[in-house]
Amino acid sequence: MVTRPNDANAHEFNPWLRVVSLIESAGALLGLRDDMIQRIVMPERVLEVAVPVRMDGGNVEMFTGWRIQHNTSRGPGKGGIRFHPSVNTDEIAALSADMSIKCAVVNIPYGGAKGGVKVDPAQLSRGELERLTRRYAFAIAPMIGPDRDIPAPDINTDFQVMSWIMDTVSMLRGHNTPGVVTGKPLSIGGSMGHAGATSLGVTNCTMALLQRLGRMANEQRVVIQGYGKVGAPLVKLLSDRGMKIVGIADISGAIHDPSGIDPRALAKHYEEAKTVVGLPGAESIAADQLFSLPSDIAIPAALGGVIDERVAQSMAASVVVEAANGPTTGEGAAVLADRGIPVIPDVLANAGGVVASYFEWAQDLQGFMWEPELFHRRLEKTMSDAFNAVWSRHLELKVELRETAIALGVERIAEATEVRGLFP
Ligand code: NAD
């Protein structure tokens, strides 16, 4: 079961207890009744499963997996599955609650869920990974389905893992069930336009904030931490809108070019070097200098917890856009707020990915593939509606964008919970 605030070890940093306190603060800000706040806080279902796997050597190893549905009052659960040695109940519970809030903020008809297996997949052969995935999918199969809970890729899981889950559930049900997971390849019900959707959402939010602040895109210098599935498309999308990318970091180091990094030259260099470091014409700098480079917008698009108190104090940019999940610590957020630096929070900024998942699921249910233009038009509309809703609540509530977004999500969940009443 998840840790309760009065449990013995509750004083240690715990992502689940952090989410609980954020939801409770949002509930208090909105003036919700205490019983409603508690209904929203507690996860609806917590499933822990044993995952026995026959290894290549013939022996059987035991792994532990979870699937948690946090809140399904607005629709079926939605959230990724991660394979990582650090996975535990509280981490998955925290991530499932984040998904409830994120789906409500962008107003898509989903609740929040998350799953994971405590394993280091780098230690498994492909055959072992497939057997682990299928046994885990079998174990959580009673809980998932297109109208119950729809997993997606997360850390160390990808389109192949999703394909094995889709196949396992389809075999169990006796018919093709593409809508049980998203992030699938096109050949089995994936969606055109899905790749890069998170980055497009980040771009939409950045443009919308600049407009609200009366700033011109072509006068902005941007630094980006991360050049992966989210960071790499961002370099091109933001450059296309006239912004100058002056610094980028990845796991191997960081580069700086005050005259602006050319996205095509960087993509070509990365293809060969597998790192941004060494791009001709750019200066190599220490990775921890990235956020203090002269810049206007900082976009963390790699790890969690990177903008702590110290980094926030030396942050050169006057706007932060959280493309990564949880890149700012509580202390870092307080410093940025004191310095008057607006932060577009992760639950809004990087929600383009879950909106794309929603569109994939909708296409699977319809059995009808959308053109990429329709996909992109709807994605931009959903993200801009979400930004506008958060911004207007921000002006009313007069709290930071993060607190506003969480409050908006909690408010929408409370509305659905209230109108549905209490069974039985
Ligand atoms: P990814 O694995 O494709 O890329 C991660 C990038 O971060 C890589 O360039 C890596 O080199 C870099 N990195 C790792 N350690 C670093 C370090 N110490 N310093 C600087 N850079 C470092 O991951 P991704 O899918 O791009 O996800 C990035 C972030 O965005 C994560 O927080 C993820 O949870 C979040 N996110 C991703 C999506 C999505 O659609 N992929 C959706 C929502 C949120």
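The values are calculated or read from the model by the stated rules, or taken from the named source; none is laboratory data. Owing to the predicted nature of the structure, the values given are computational and were not obtained by experimental measurement. Glycine also receives a Cβ, built like all others from the backbone with ideal geometry; neighbour counts cover every protein chain displayed. SASA here: full protein model, heavy atoms, side chains in, ligands and nucleic acids out. Shrake-Rupley method; radii C 1.70, N 1.55, O 1.52, S 1.80 Å.
Need pairs with beta-carbon distance below 8 Å; first residue among the acidic types (Asp, Glu) and within the stretch 272-284, second within 16 Å of the ligand (Cβ to nearest atom); sequence gap 6+ or separate chains.
Matching pairs, first to second residue: GLU283/ILE255; GLU283/HIS256.
Out of everything in the stretch 276-296 that is within 16 Å of the ligand (Cβ to nearest atom) and part of a strand (DSSP E or B), what residue ends up being surrounded by the most Cβ atoms within 10 Å (Cβ to Cβ)?
ILE285
Would you pick out the residues in the stretch 321-332 that are crowded, with 21+ Cβ neighbours inside 10 Å and away from the ligand (no atom under 14 Å from the Cβ)?
Answer for the stretch 321-332, where residues must be crowded, with 21+ Cβ neighbours inside 10 Å and away from the ligand (no atom under 14 Å from the Cβ): just GLY332.
Let me confirm something: among HIS376, HIS394, which residue is over 27 Å from GLY179 (Cα atoms), modelled with pLDDT of 95 or more and surrounded by 17 or more Cβ atoms within 10 Å (Cβ to Cβ)?
After ruling out the rest, the residue left standing is HIS394.
Anything in the stretch 170-182 that is open to solvent by 10 Å² or more (accessible area, probe 1.4 Å) and in contact with a Phe, Trp or Tyr (Cβ under 6 Å, 6 or more places away or on another chain)? List them, or say none.
Result: no residue meets the conditions.
Here are ALA301, ALA312: which of them is within 14 Å of the ligand (Cβ to nearest atom), crowded, with 18+ Cβ neighbours inside 10 Å, in the same structural domain as PRO345 (by TED's automatic domain parsing) and modelled with pLDDT of 95 or more?
Only one candidate passes the filter, namely ALA301.
Under 9 Å by Cβ, and 6 or more places apart or on different chains, what pairs join a residue from the stretch 406-424 that is of a type in the set (Ser, Thr, Tyr) with one that is open to solvent by 50 Å² or more (accessible area, probe 1.4 Å)?
THR417/ARG39; THR417/ARG74
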